[in-house]
1. Does Asp91 satisfy the criteria of being in a loop (DSSP other than H, G, I, E, B) and either farther than 15 Å from Gly187 by Cα or in contact with a Cys (Cβ under 6 Å, 6 or more places away or on another chain) (or both)?
2. Given (1) closer than 17 Å to Arg112 by Cα; (2) within 9 Å of ligand 1 (Cβ to nearest atom), identify the lone condition not met by His178.
3. Residues to consider are Phe180, Phe192; find the one that is closer than 21 Å to Tyr233 by Cα, touching an Asp or Glu at 6+ places or on another chain (Cβ under 7 Å) and within 10 Å of ligand 3 (Cβ to nearest atom).
4. Hey, can you tell me all the residues within the stretch 157-174 that are without any contact (Cβ under 8 Å) to a residue 40 or more places away in the chain, closer than 16 Å to Ala211 by Cβ and away from ligand 3 (no atom under 11 Å from the Cβ)?
5. Tell me, please, whether a residue that is within 16 Å of ligand 1 (Cβ to nearest atom) and in contact (Cβ under 8 Å) with a residue 24 or more places away in the chain can be found in the stretch 137-156.
6. Given the structure, is Asp165 touching a Pro at 6+ places or on another chain (Cβ under 9 Å) and in the same structural domain as Ile204 (by TED's automatic domain parsing)?
7. Please find, within the stretch 213-228, the residue that is nearest to Phe180 (Cα to Cα) out of those that are in contact with a helix residue (DSSP H, G or I) (Cβ under 7 Å, 6 or more places away or on another chain) and surrounded by fewer than 21 Cβ atoms within 10 Å (Cβ to Cβ).
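The values are calculated or read from the model by the stated rules, or taken from the named source; none is laboratory data. Not measured: the values here are computed from a predicted model. Reconstructed Cβ throughout: ideal geometry from the backbone, glycine too, with neighbour counts over all protein chains shown.
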Amino acid sequence: MQLAMLCTVCLLPSSLALPLPREAGGMSELQWKQAQDYLKRFYPSSSKIRDPNSLEAKLKEMQKFFRLPVNGILNSYIIEIMQKPRCGVPDVAEYSLFPDSPKWTSNVVTYRVVSHPRELSLVIVNQLVAKALKMWSEEIPLHFKRVSLGTADIMIGFARGAHGDPYPFDGPGNTLAHAFSPGPGLGGDAHFDEDERWTDGSSIGINFLFAATHEFGHSLGLGHSSDPSAVMYPTYRDGDPKNFKLSRDDIKGIQKLYGERSDSRMN
Ligand SMILES: [Ca+2]
Ligand SMILES: [Zn+2]
Ligand SMILES: [Zn+2]
């Protein structure tokens with residue numbers, strides 16, 4: 001999957017810099033379509049703008065989010081970002097919370113792992129989920145309780161394609177997972193694309209701990225961060241699991257919602 005993406009990027013002229021509106025001469029129909037789809041999907045907030053430049057406005061939003069020069073020009077570097085595996089939740093520049101700041105009001109939040117991918121056993125998934133949730137609960141006065149039956153606040157599962165919510169998964173690559181902000185029903189739930197190759201870090205694939213920690217940030221009420229060091233950055237990055245931790249930005253965001261733990265660092 002990584003190789004296929006790199007090849008697609010290699011086909012682009014290196015100095016490609018084209019205005020987004022239709023004059024995009026050197027761009028293939030497919031690349032044009034993919035860029036449009038990406039902007040519509042991940043930058044829905046300016047979708048009310050009906051003028052022909054609305055895609056340009058979305059591209060500018062994307063450039064702002066990724067801290068690039070905001071000029072509305074599509075280039076090969078942006079296409080490269082668009083082709084990176086990422087979270088399915090849209091980006092809102094400079095917001096760390098969802099609109100209306102939903103959060104859990106009880107200090108005990110339940111979770112349940114309902115399914116696991118073929119690469120990882122249920123036991124391993126449960127261990128990694130507990131580890132991911134602990135990263136957050138160490139910073140805020142919230143406790144997570146695992147349940148193995150019935151409905152939990154945060155239902156966690158793997159699925160492929162359409163899976164009962166309005167956001168079908170897309171096969172290997174691109175969208176890896178998504179999660180819903182706190183609330184009843186789907187609220188808080190975290191879904192992972194079963195078509196990815198999931199790993200606990202011992203083999204090649206998408207590190208489930210990294211993806212789960214990010215998705216649980218959404219389950220707790222955080223939106224995406226434009227800080228590249230944040231766990232809540234929207235694109236997936238591989239790294240050494242030993243060095244994996246929340247960034248200052250993630251902690252600032254989650255404590256803005258829930259406050260600090262009074263016994264922070266002591267347990
Ligand atoms: Ca996918
Ligand atoms: Zn996300
Ligand atoms: Zn889903």
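1. Answer is yes for this residue.
2. For His178, the failing item is (2).
3. Phe180
4. Correct list: Asp170 only.
5. no
6. no
7. Ser226
Let's see how each residue does on (1) over 23 Å from Leu120 (Cα atoms); (2) within 14 Å of ligand 2 (Cβ to nearest atom); (3) among the basic types (Lys, Arg):
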site	(1), (2), (3)
Pro184	yes, no, no
Ser203	no, no, no
Ser229	yes, no, no
Thr235	no, yes, no
